[in-house]
Amino acid sequence: MIRTKRFTALAVVASLAFAACGGDDNEADAPASEDTTADTTADTVPAGGVSGTLIGAGASSQKAAMQAWQAGFQAANPDATVEYDPIGSGGGREQFLAGGTSFAGSDAYLKDEEWEASKDRCAGDLGAINLPHYVSPIAVAYNLPGVDELRLSTAALAGIFAGEITEWTDPMIADENPGVELPDLAINPVHRSDESGTSKNFTEYLGKVEPDVWTFGAIEVWPEVGGEGAQGTSGVVAAIGAGEGSIGYADASQIGDLGAAVIQVGDNWTAYSPEAAARSVDASNRIEGRTEFDFGFSLDRTTTEAGVYPITLVSYHIVCLEYETQEEVDLVKAFMRYVGSAEGQAAAAEAAGSAPISAELTAQLETAIDMITVAG
């Protein structure tokens, strides 16, 4: 791992001057951020807005939200651009740790070894932090013409993806769906073929609720259990849509017209929604052993509380606490402040159906962003 002297050269070549977002969708008309955000931003950002190019890569689940963030931010900063490559969470973290980007998008927070590696990648010795800016349900999407509602218990869901339930007429599915005419089709479970934070969130859920059925644990790379692999969120959605009898998992904002299963939560059946996903985060704890400005969350997958949707992903922006130059610091801070602001969260909610983070978490993230600085 080479320290960020190498990265600074990359950043300058990429015209890292200040912060921005070039994009295509949705200009948000939501209210501005809280006063504390506006005040701190005004202290560090020139009156005419910021300019330059910010490079990021990572989670494809953030694609729709990122486009909205790009559009809204560029509207306020017409001389600025943010480039984001939705290559997947694992690829995003790898590029960030190699010094190829200023930030990563990831559906999984930095692993312990990655956090240690970030102390070499970033300037200074403080390493990187995880900022949870995107909260969204993971939908269990299916392609079964004529089936408008599909209930799946935890055992059935785990059995399908573990390769133990292979037909839609299996009694474990049929008994949960009385009156539903299930097709006499083989089940085609679709999974991510790339290293994926969405896969990690989904498999973590399966392993927590049905550890005797899903025995592989929380993993970003899918095991050899059959099914069809597809690249990225869009690839999974396309594969499900292309084949009757298919089922898979994807960020709910991107499943389009596909059906979405209703999931067993305790004694209840719960459909996905931004509100139900947000409740899942509210009941979760932060990971320990990191800096006070790190906000990785350990979600409670086994909740039985009504109205909570436990197949939820929290997607992060991973940034350094210290960079080599003031220009890069200003760039990263300005964009991250916008993304976490009330305006940025409203833009993502409108474009992607995500759940806006709470006011309390917003304030905590603003404090963390304020701490990003030039290495002394």
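Side notes on the structure shown:
- Residue check for Pro183: assigned by TED's automatic domain parsing to the domain that holds Gln264, more than 30 Å from Ile357 (Cα to Cα) and in contact with a Gly (Cβ under 9 Å, 6 or more places away or on another chain): yes
- Boolean, Pro78 is part of a loop (DSSP other than H, G, I, E, B), in the same structural domain as Ala351 (by TED's automatic domain parsing), at pLDDT below 95 and within 18 Å of Thr373 (Cα to Cα): no
- Of the residues making up segment 135-149, those that are farther than 13 Å from His191 by Cα and touching a strand residue (DSSP E or B) at 6+ places or on another chain (Cβ under 6 Å) are Val135, Ser136, Pro137, Asn143.
- Residues in segment 152-164 that are free of Cβ contacts under 8 Å to residues at least 60 places away in the same chain and touching a strand residue (DSSP E or B) at 6+ places or on another chain (Cβ under 9 Å): 2 in all.
- Exactly one residue out of Ser253, Ser273, Ser284 is out of contact with any Cys (no Cβ under 9 Å at 6 or more places or on another chain), buried (at least 22 other Cβ atoms within 10 Å of the Cβ) and among the polar types (S, T, N, Q): that is Ser253.
- Residues of segment 160-188 satisfying the condition of being in contact with a helix residue (DSSP H, G or I) (Cβ under 7 Å, 6 or more places away or on another chain), in a helix (DSSP H, G or I) and surrounded by fewer than 20 Cβ atoms within 10 Å (Cβ to Cβ): Met172
- Selection count where residues are assigned to a helix (DSSP H, G or I) and among the polar types (S, T, N, Q), scope segment 189-238: 6
- In segment 356-375, the condition of being in contact with a Lys or Arg (Cβ under 6 Å, 6 or more places away or on another chain) and surrounded by fewer than 18 Cβ atoms within 10 Å (Cβ to Cβ) is met by no residue.
- Enumeration of residues in segment 65-110 that are surrounded by fewer than 24 Cβ atoms within 10 Å (Cβ to Cβ), in contact with a helix residue (DSSP H, G or I) (Cβ under 9 Å, 6 or more places away or on another chain) and under 17 Å from Gln345 (Cα atoms): Gln67, Ala71, Ala76
- Among the residues of segment 115-137, those that are touching an Asp or Glu at 6+ places or on another chain (Cβ under 6 Å) and hydrophobic (A, V, I, L, M, F, W, C) comprise Cys122, Ala123, Leu126, Ile129.
- Count of residues meeting criterion [out of contact with any Gly (no Cβ under 6 Å at 6 or more places or on another chain), closer than 26 Å to Val308 by Cβ and among the acidic types (Asp, Glu)] in segment 218-256: 1
- Among the candidates Glu114, Glu94, the residue that is in contact with a Lys or Arg (Cβ under 9 Å, 6 or more places away or on another chain) and without any contact (Cβ under 8 Å) to a residue 60 or more places away in the chain is uniquely Glu114.
- Pair list, Cβ < 7 Å and 6+ apart or interchain, from segment 282-310 residues that are free of Cβ contacts under 8 Å to residues at least 60 places away in the same chain to residues that are in a loop (DSSP other than H, G, I, E, B) and among the acidic types (Asp, Glu): Ala283/Asp300; Ser284/Asp300
- Phe293 among the aromatic types (Phe, Trp, Tyr), more than 23 Å from Gln67 (Cβ to Cβ), in contact with a Ser or Thr (Cβ under 8 Å, 6 or more places away or on another chain) and at pLDDT below 95: no
- Tally, over segment 300-321, of residues that are surrounded by fewer than 21 Cβ atoms within 10 Å (Cβ to Cβ) and not β-branched (Val, Ile, Thr): 5
- Condition met for Val225 (buried (at least 22 other Cβ atoms within 10 Å of the Cβ), over 19 Å from the mean Cα position of the chain (by Cα) and closer than 17 Å to Val140 by Cβ): no
- Residues in segment 260-270 that are out of contact with any helix residue (DSSP H, G or I) (no Cβ under 8 Å at 6 or more places or on another chain) and crowded, with 20+ Cβ neighbours inside 10 Å: Val265 alone.
A quick yes/no check of all residues on (1) of a type in the set (D, E, K, R); (2) in contact with a strand residue (DSSP E or B) (Cβ under 9 Å, 6 or more places away or on another chain):
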{"site": "Gln67", "(1), (2)": "no, yes"}
{"site": "Gly72", "(1), (2)": "no, no"}
{"site": "Pro78", "(1), (2)": "no, no"}
{"site": "Asp85", "(1), (2)": "yes, yes"}
{"site": "Gly91", "(1), (2)": "no, yes"}
{"site": "Gly100", "(1), (2)": "no, yes"}
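The values are calculated or read from the model by the stated rules, or taken from the named source; none is laboratory data. Fair warning: this is a prediction, and the values are worked out from it, not measured in the lab. All Cβ positions, even for glycine, are placed from backbone atoms using ideal geometry, and neighbour counts span all protein chains on display.
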